[in-house]
1. Using the Cα gyration tensor of segment 105-149, with a ≥ b ≥ c the square roots of its eigenvalues, what is the shape: rounded (a/c below 1.5), prolate (a/b larger than b/c) or oblate (neither)?
2. Sort 39, 74 so the one with the fewest other Cβ atoms within 10 Å of its own Cβ comes first.
3. Using helices alone, what [θ] at 222 nm do you get for the chain, with -39,500 (n - 2.57) per DSSP H run of 4 or more residues, divided over all residues and rounded to the nearest 500?
4. Is the shape of the chain best called rounded, prolate or oblate, per the rule: a/c under 1.5 gives rounded, else a/b larger than b/c gives prolate, else oblate, with a ≥ b ≥ c the square roots of the Cα gyration tensor eigenvalues?
5. Sort 154-165, 106-117 by packing, meaning the average of other beta carbons within 10 Å per residue, with the highest value first.
6. Under 19 Å from a point 7 Å along the Cα-to-Cβ line of residue 132: which residues of segment 88-118 have their amide N that close?
7. What is the distance, in nm, between label points placed 7 Å from the Cα along the Cα-to-Cβ direction at residue 215 and at residue 171?
8. How much length is gained on full extension from residue 143 to residue 231, taking 0.36 nm per residue of separation minus their Cα-Cα distance?
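Bear in mind these aren't lab numbers, they're just calculated from the coordinates by the rules spelled out. Everything quoted here is computed from the prediction, not taken from an experiment. In this analysis, Cβ positions are derived from the backbone assuming ideal geometry, glycine residues included, and neighbour counts consider all displayed protein chains.
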Ligand SMILES: [Zn+2]
């Protein structure tokens, strides 16, 4: 079920990836890259929806984005476990899907599950490349772990122009009917179910876009700066 992919997006909870990276996923898929998605928990601590509903919604969203697969693990929402057993599960997925880049939450974060997810994915991506760590699959070490920004702001290392793909991203987010603003819903209101939250996602996309002179952008943090082939093209459309 886990196919080989170019980019592997890993999140603590179903819907985290869509909010921070949905446009980048759609753009990458449209440009011919294969994308895999992994949720480390089932989101069972969420106020709204049930794990079964959220799993269905997550698959619908993955289909909207064009992901080759979406896997859901069970590390425990609200207390995400980061032991050796969990690490080995991520190592197996990295070795099976053999991505060039792995995406994870920036570990300096408000939600402790995001912090833990960012750390364990960073470690597992490295360990997956150790040949002497023998599992049923060959070693594979991705080129880099790229971090996406969630609750706490971090200075972006680069921004992806997702203007053309923004509507599809928002359609993927809307797949999570139980979580986000749905007029007439009888579920209890939460921070993320208010209309205001979706407006904030829009504003954040515009804010990050403004950094690169685009209407919408998604920002990422890396510990290794990306190599730039064309420094003039990198600033195309900008003015000092
Ligand atoms: Zn989350």
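1. Working: a/c = 4.08, a/b = 2.33, b/c = 1.75.
It is prolate, given that a/c is not under 1.5 and a/b is the larger ratio.
2. So the ranking, lowest neighbour count to highest, is 74, 39.
3. Numbers: 6 runs with 86 residues, N = 240.
Calculated mean residue ellipticity at 222 nm is -11500 deg cm²/dmol.
4. Working: a/c = 1.65, a/b = 1.05, b/c = 1.56.
Oblate, because a/c is 1.5 or more while a/b does not exceed b/c.
5. Values: 154-165: 17.7, 106-117: 19.2.
Highest mean packing first, the order is 106-117, 154-165.
6. Only 88 fall inside the zone, counting backbone N under 19 Å.
7. Once both label points are built, they end up 1.5 nm from each other.
8. Details: separation 88, 0.36 × 88 = 31.68 nm, distance 2.16 nm.
Extending this stretch completely gives an extra 29.5 nm.
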